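Student: Let me begin by handing over the structure; questions about it come next.
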Amino acid sequence: MTSADLLDIVIKRDASDLHLIVGVPPIIRIDGSLLPIEGMKPLAAEEVKTLVESLVSAEQKDLLYVNKEVDLSFQLSDRGRFRINAYFAKGYVAAALRLIPNKIRTINELKLPSVYHQFTPLRQGFILVTGPTGHGKSTTLAAIIDSINHTRATHIVTIEDPIEYVYTPDQSIISQREMHGDTHSWDIALRSVLREDPDVVLIGEMRDYETIAAALTIAETGHLVLATLHTNSAAQTVDRVIDVFPEHQQAQVRMQFANTIEAILSQRLIPAKNGGRIPAVEVLLATPAVRNTIREGKSHQIDNIIQTSAELGMMTLETNLASWVQQDVITLDKAQEYSLRPAELLRLIKGS
C-alpha cells in the first residue's frame with residue numbers, strides 16, 4: 001500500500017492522525033482514539049522508510065537524516081493537506097501525520113462560543129489559543145484569521161512550521177511563510193515581519209523566550225498577534241509567558257503582557273455522544289481587572305475573575321463542559337475526564 005493510499009484512508013475515515021512506526025500496523029486516530037487500519041500487517045523498517053521518503057522533498061530528506069527529525073506539509077491533490085513530523089525512533093524512521101482539511105471551518109461551524117466573533121474587528125493586541133497537542137488550536141486560529149480575511153482589508157502574515165491551513169485571499173492579502181522553505185529561522189522571520197507592513201501576524205507556536213519576546217514586541221507596536229501555547233488554562237498561560245523571562249525582566253514583561261493581551265482561549269476537544277469531537281473552552285477576556293491582576297503578578301486570582309464575569313462572555317472550562325452535558329452532547333464521564341476541577345463541574349451540573 002502506498003502513502004497516498006494510506007492518506008486516502010485517513011480522509012475517508014475522517015481520522016485526525018496517521019502514525020507510521022516500525023513493528024506495528026499503520027495507526028489512525030478517530031475522535032481521539034487510536035485504531036490500527038484493518039487488514040494491515042506490522043510495518044517493516046524498509047516499508048516505513050519507503051512510505052516516509054515518498055512524502056518528502058530531497059532537501060527535507062537531507063534534513064531528516066542530518067537532524068533526525070523534520071516538520072513539513074504535504075498536499076494530497078485537492079483532497080487534503082497533511083502536517084507531518086518525520087523522526088527517528090530506536091534508530092528507524094517513523095512519522096506522525098495530521099490531516100489539515102482543505103476547507104477552513106467558521107467559528108460557528110466549529111461550535112465555538114459567539115464571543116469569538118468579537119476578535120475579528122480587533123486592530124491590535126495579543127490573542128493566545130492554548131491547550132494540549134491535537135486539540136484544535138490551529139483550527140480555531142484559522143477560523144479567526146479567515147474571518148478577518150473575509151471582512152477586513154488587511155495584510156496578514158503567518159509564520160508557521162510547517163504551513164497548515166492555506167488561505168484564499170478575499171478582503172485581505174495573505175503572506176504565508178514556512179520555516180526552512182521561506183525563512184531560515186523563527187528569530188529572523190519575527191525580526192523581519194515588522195518590515196513587511198503587516199496588520200495581523202499569526203505565529204504558529206510560541207516555543208521559547210525569543211519567540212514570546214518577539215510576539216510581545218509586535219503586539220506592542222500596534223499589530224494584532226495570534227499565537228498558540230501548550231498550557232492548560234489562562235492562569236497557567238500568564239505564568240508561562242512571564243516565567244520564561246529572566247527574573248530581572250519579569251516586572252517589565254508583566255506590564256507589556258497586561259497592556260497587549262486581549263484574550264486567552266484554552267480548549268479541549270471532547271468526544272461527542274454521536275461521534276466526532278466538540279470543543280470545550282475556557283475564555284479569559286482582558287478587562288481592566290484582568291490587566292491589573294497580570295501587572296501585579298496575581299495570576300491566582302484569574303480563575304475567580306472568569307467565574308464572576310460570565311456576562312462579558314468569559315467562561316471556565318467547567319461551565320462549558322457542564323453546558324455540553326446538559327445539552328446531551330457529551331457524557332458526564334467524558335466531561336469529568338477532561339475537567340480541571342471535577343468537583344466544580346459536578347456542582348454546576350447539579351445546580352442547574
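Student: In the range 132-165, which residues are of a type in the set (A, V, I, L, M, F, W, C) and at pLDDT below 95?
Tutor: Taking the range 132-165 and keeping what is of a type in the set (A, V, I, L, M, F, W, C), we get 141-145, 148, 153, 156-157, 159, 163.
Answer for the range 132-165, where residues must be of a type in the set (A, V, I, L, M, F, W, C) and at pLDDT below 95: just Ile163.
Student: Would you say Arg195 is free of Cβ contacts under 8 Å to residues at least 24 places away in the same chain and not hydroxyl-bearing (Ser, Thr, Tyr)? If you could, list the steps in order and put the result at the bottom.
Tutor: Details: free of Cβ contacts under 8 Å to residues at least 24 places away in the same chain: yes; not hydroxyl-bearing (Ser, Thr, Tyr): yes.
Taking the combined requirement at face value, the residue satisfies it.
Student: Let me ask something else. Answer yes if at least one residue in the range 281-302 is surrounded by fewer than 18 Cβ atoms within 10 Å (Cβ to Cβ), assigned by TED's automatic domain parsing to the domain that holds Arg191 and touching a residue at least 60 places away in the same chain (Cβ under 8 Å), and no otherwise.
Tutor: yes
Student: Mind telling me which of the residues Gln336, Gln307 ends up being free of Cβ contacts under 8 Å to residues at least 60 places away in the same chain, polar (S, T, N, Q), surrounded by 14 or more Cβ atoms within 10 Å (Cβ to Cβ) and not assigned by TED's automatic domain parsing to the domain that holds Gln250? Walk me through it before giving the result.
Tutor: On the way: Gln307 fails: not assigned by TED's automatic domain parsing to the domain that holds Gln250.
None of the other options fit; the residue is Gln336.
Student: Only residues that are touching a helix residue (DSSP H, G or I) at 6+ places or on another chain (Cβ under 9 Å) and either under 16 Å from Asp14 (Cα atoms) or in a loop (DSSP other than H, G, I, E, B) (or both): list them for the range 65-97, please.
Tutor: Result: Leu76, Ser77, Arg79, Gly80, Phe82, Arg83, Gly91, Leu97.
Student: Any idea which of (1) within 21 Å of Ala96 (Cβ to Cβ); (2) not in a loop (DSSP other than H, G, I, E, B) is the one His135 doesn't satisfy?
Tutor: With respect to (1) within 21 Å of Ala96 (Cβ to Cβ); (2) not in a loop (DSSP other than H, G, I, E, B), His135 is out only on (2).
Student: Which count do you get for residues in the range 201-216 that are buried (at least 23 other Cβ atoms within 10 Å of the Cβ) and under 12 Å from Arg240 (Cβ atoms)?
Tutor: 1
Student: Quick check: anything in the range 195-206 out of contact with any Ser or Thr (no Cβ under 9 Å at 6 or more places or on another chain), within 21 Å of Ile144 (Cα to Cα) and of a type in the set (D, E, K, R)?
Tutor: Initial filter on the range 195-206 (out of contact with any Ser or Thr (no Cβ under 9 Å at 6 or more places or on another chain)): 195, 197.
When the remaining residues are screened for being within 21 Å of Ile144 (Cα to Cα), the result is 197.
Subsequent filtering for residues that are of a type in the set (D, E, K, R) retains 197.
Yes, the range 195-206 has at least one match.
Student: Among the listed residues Pro101, Pro169, identify the single one that is surrounded by fewer than 20 Cβ atoms within 10 Å (Cβ to Cβ) and more than 30 Å from Lys61 (Cβ to Cβ).
Tutor: That would be Pro169, the only listed residue that is surrounded by fewer than 20 Cβ atoms within 10 Å (Cβ to Cβ) and more than 30 Å from Lys61 (Cβ to Cβ).
Student: Kindly provide the set of residues from the range 33-64 that are crowded, with 16+ Cβ neighbours inside 10 Å and not in a helix (DSSP H, G or I), ordered by number.
Tutor: Ile37, Leu43, Leu55, Val56
Student: If you go through the range 280-301 one residue at a time, how many are assigned to a helix (DSSP H, G or I) and under 22 Å from the mean Cα position of the chain (by Cα)?
Tutor: So the answer is 0.
Student: I've got another one for you. So, Thr158, is that one in the same structural domain as Arg207 (by TED's automatic domain parsing), under 23 Å from Met206 (Cα atoms), assigned to a strand (DSSP E or B) and among the hydroxyl-bearing types (Ser, Thr, Tyr) or not? Spell out the reasoning first.
Tutor: Details: in the same structural domain as Arg207 (by TED's automatic domain parsing): yes; under 23 Å from Met206 (Cα atoms): yes; assigned to a strand (DSSP E or B): yes; among the hydroxyl-bearing types (Ser, Thr, Tyr): yes.
So Thr158 fits the description; yes.
Student: Being in contact (Cβ under 8 Å) with a residue 24 or more places away in the chain and surrounded by fewer than 20 Cβ atoms within 10 Å (Cβ to Cβ) is the requirement here; does Lys68 meet it?
Tutor: In short, no.
The values are calculated or read from the model by the stated rules, or taken from the named source; none is laboratory data. As the structure is a computational prediction, the values presented were derived from the model and not from experiment. Positions of Cβ are generated from backbone atoms using ideal geometry, with glycine treated the same way; all protein chains shown enter the neighbour counts.
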